[in-house]
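A quick write-up on the structure given underneath.
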Amino acid sequence: MIVFILLFCAFPFLVGVKSYWITVFIFAGIYSLITIGLSLLMGYAGQISLGHAAFFGMGAYTSGLLTTLLNWNPWLALLAALLLTSSAALLIGIPTLRLSGHYLAMATLALGEILVIFFKAEVELTGGPSGFGLIPRLSIFGFVLKRDIEFYFFVWSIVALALVMAMNVIHSRVGRALRSIHGGELAANAMGINTSSYKVQVFVLSAALASLSGSLYAHYVTFVSPTACELKLSVFLVVMVAIGGMHHLWGAIVGTILLTVLPEFLHVFQDFDILAYGLILMIIMIFAPNGLVGALAALIQRLRRRFLAVDSQRRGVI
Amino acid sequence: MGISIWSQILQYLVTGVSIGSIYGMVAIGFNIIYNATGIINFAQGEFVMLGGMIMVTLTAAFGAPVIVAFFLTVAIVALIGGLFERLAIYPLKNAGVLSLIIVTIGGSIVLKGVAMFVWGKESYALPHFSSEEPIPILGASILPQTLWILGAMLLTVVLLTLFFRFTLIGRAMRACSSNRTAAYLVGIDARQMVCLSFILSAAIGAVAGIIITPIALVDYNRGFLLALKGFSAAVLGGLGNSAGAVIAGFLIGILESLGAGLVSSGYKDAIALIVLLVILFVRPSGILGDKEALKHRSF
């Protein structure tokens, strides 16, 4: 954790405060907020959502519209977006998570499509397919976050907070209950654990994080359009979590940074980058179903065990 | 005036029934794989898209006669379905449902990417199977292609029913879906049945893609929305229930066409999806009941 913090503080000074990479890493931070929640949902609640771009879009549009049309305070707008998104998630989550199977994936997918259609059709409100701009920047105690480097530190502090919160969730009653679902949902139910209620809680939490991420995006880019929250992003987020390893929160961060940086090198493929992502996703799921961080953890454990075995063998001989 | 509004509604019904047939067929494709594996195959729409694309290539570029091209296309897409299972689903062996679903998402992206690579981003059309002269009925007009669509859909349903009821393989597949372990004990190779379910699903998807292309263009990106609407039909009909899928397909097609014509065409594509959300909320077992949801209800 400390290494993580030091690394992120040192990074801007390694690449230069005004470097383009700062922008890339701001986006990585913004998306990390979503993938942390998504990793809780996928790795711990065993559910998949293909609509987190929708919650991101809800956050971005609510923040954007309230601050530009009604001149709300950005923080107030952010809270309103959180509330709206969480209620939407609750409405979707309650019926779908009560069913076993994967209705949630399709329901969230449908929600995302409906939202994009809505954003595109309501031209007078949302600017239609071309979106709208002039969203004010965020300020903290009167200090406006104007420069990239300021926003960089701001976003990654929030990511760190979200990470700490997610770790607390995993080690709380909810986290234990969720792990028991993996051990056997029926047994957990028999022990009196209302597994579906915990699943709904995690889903709403992950949607709220996506909304927060959307609000930050709106205030950083100061412009929002439907392309920012299309299905492609939802799939992308799932790929990020799966590649990093969905059973590790760090996996979400690693996957997100990797997939935000990778496109900078994949420009040569132009539109075919999507093909590369599909292939990467399939290969990871087939050969390293626990993701990169999962594979790494398994490797370290194996090496350690081998080392210990050698060690005890030697001791046994003596 | 009164007559014209009725003939207009009749026209919407006709359009709805033909597009609904396609949704129903996509839903059946979902059901076959769902029954065999318990997973929702996100690449289902891609099979439909591939069906349309390959048919266009075979008839336009190679000049194959429609009937030959039809069977060749179905065979090719079925082969792709089988390969997809062998390359992506089979190696996962004991993976959880979640991993399987993620793999099908990856597969759908790959198939879409390959289609974009091969055919580019343009839309393609196919000539109608027979004349393009509309047949007037009660003030509305029906394109002969609509009849082809209906006929192909009904034939598919009949053949599938016969297959699942009277052939050994069909009955083995049903046995696997109702109890995998028991089927294994009587000597049915469940893994073969999973592969077969992908082949069958892909073939049905291909048929749907071929028959819809003459009245709706096809491009590399078309599969996704069709899959989502087909899934809406599958849930409305009760996931795993193919008779329900057909009825639900018609219902969604008609609702969509009426909604687009009478309410707002901007929200045309949202209608099926709103139906999906409402049905999940109100009656997740669908109109004709679904095993999974019913099981849950008894708690």
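Observations, loosely collected:
- Among the residues of region A:76-102, those identified as more than 11 Å from chain B (Cβ to nearest Cβ) and free of Cβ contacts under 8 Å to residues at least 12 places away in the same chain are A:Leu76, A:Leu79, A:Leu83, A:Ser87.
- Scan of region B:67-82 for residues that are in contact with a helix residue (DSSP H, G or I) (Cβ under 9 Å, 6 or more places away or on another chain) and either free of Cβ contacts under 8 Å to residues at least 24 places away in the same chain or of a type in the set (A, V, I, L, M, F, W, C) (or both), ordered by number: B:Val68, B:Ala69, B:Phe70, B:Leu72, B:Val74, B:Ala75, B:Ile76, B:Val77, B:Ala78, B:Leu79, B:Ile80
- Among residues of region A:121-143 being open to solvent by 50 Å² or more (accessible area, probe 1.4 Å) and of a type in the set (Gly, Ala, Ser), the one that is nearest to A:Lys18 (Cα to Cα) is A:Gly142.
- Check on B:Glu46, of a type in the set (Asp, Glu), touching a residue at least 12 places away in the same chain (Cβ under 8 Å) and over 19 Å from B:Trp119 (Cα atoms): no
- Exclusive hit being on the phi < 0 side of the Ramachandran plot and surrounded by fewer than 17 Cβ atoms within 10 Å (Cβ to Cβ), set B:Leu58, B:Leu10: B:Leu10
- Listed by position, the helices (runs of 4 or more DSSP H) inside region A:114-212 whose residues that are touching a residue at least 12 places away in the same chain (Cβ under 8 Å) and of a type in the set (Gly, Ala, Ser) number at least 2 are A:148-170, A:173-183.
- Among residues of region B:86-103 being over 14 Å from A:Ala288 (Cα atoms) and open to solvent by 50 Å² or more (accessible area, probe 1.4 Å), the one that is nearest to the other protein chains (Cβ to nearest Cβ) is B:Val97.
- Test result for A:Thr62, of a type outside the set (Asp, Glu), more than 11 Å from every other protein chain (Cβ to nearest Cβ) and either in a helix (DSSP H, G or I) or surrounded by fewer than 23 Cβ atoms within 10 Å (Cβ to Cβ) (or both): yes
- In region A:285-295, residue nearest to the other protein chains (Cβ to nearest Cβ) [restricted to those that are in contact (Cβ under 8 Å) with a residue 12 or more places away in the chain and part of a helix (DSSP H, G or I)]: A:Met285
- Residues considered: A:Ala228, A:Ala208, A:Ala298, A:Ala218. Of these, the only one that is over 30 Å from A:Leu65 (Cα atoms) and not acidic (Asp, Glu) is A:Ala298.
- All of B:Leu228, B:Leu239, B:Leu276, B:Leu280 fail the test of being modelled with pLDDT under 85, open to solvent by less than 10 Å² (accessible area, probe 1.4 Å) and in a helix (DSSP H, G or I), apart from B:Leu280.
- With respect to the conditions (1) on the phi > 0 side of the Ramachandran plot; (2) more than 14 Å from chain A (Cβ to nearest Cβ), B:Ser123 falls short on a single one, namely (1).
- Taken across region B:146-158, residues that are farther than 21 Å from B:Gly20 by Cα and small (Gly, Ala, Ser) do not occur at all.
- For region A:144-177, the set of residues classified as open to solvent by 70 Å² or more (accessible area, probe 1.4 Å), polar (S, T, N, Q) and farther than 24 Å from A:Asn189 by Cα is empty.
The values are calculated or read from the model by the stated rules, or taken from the named source; none is laboratory data. Computed from a predicted model, the values in this text were never measured in an experiment. Reconstructed Cβ throughout: ideal geometry from the backbone, glycine too, with neighbour counts over all protein chains shown. Side chains included, ligands, DNA and RNA excluded: accessible areas come from the protein's heavy atoms. Shrake-Rupley method; radii C 1.70, N 1.55, O 1.52, S 1.80 Å.
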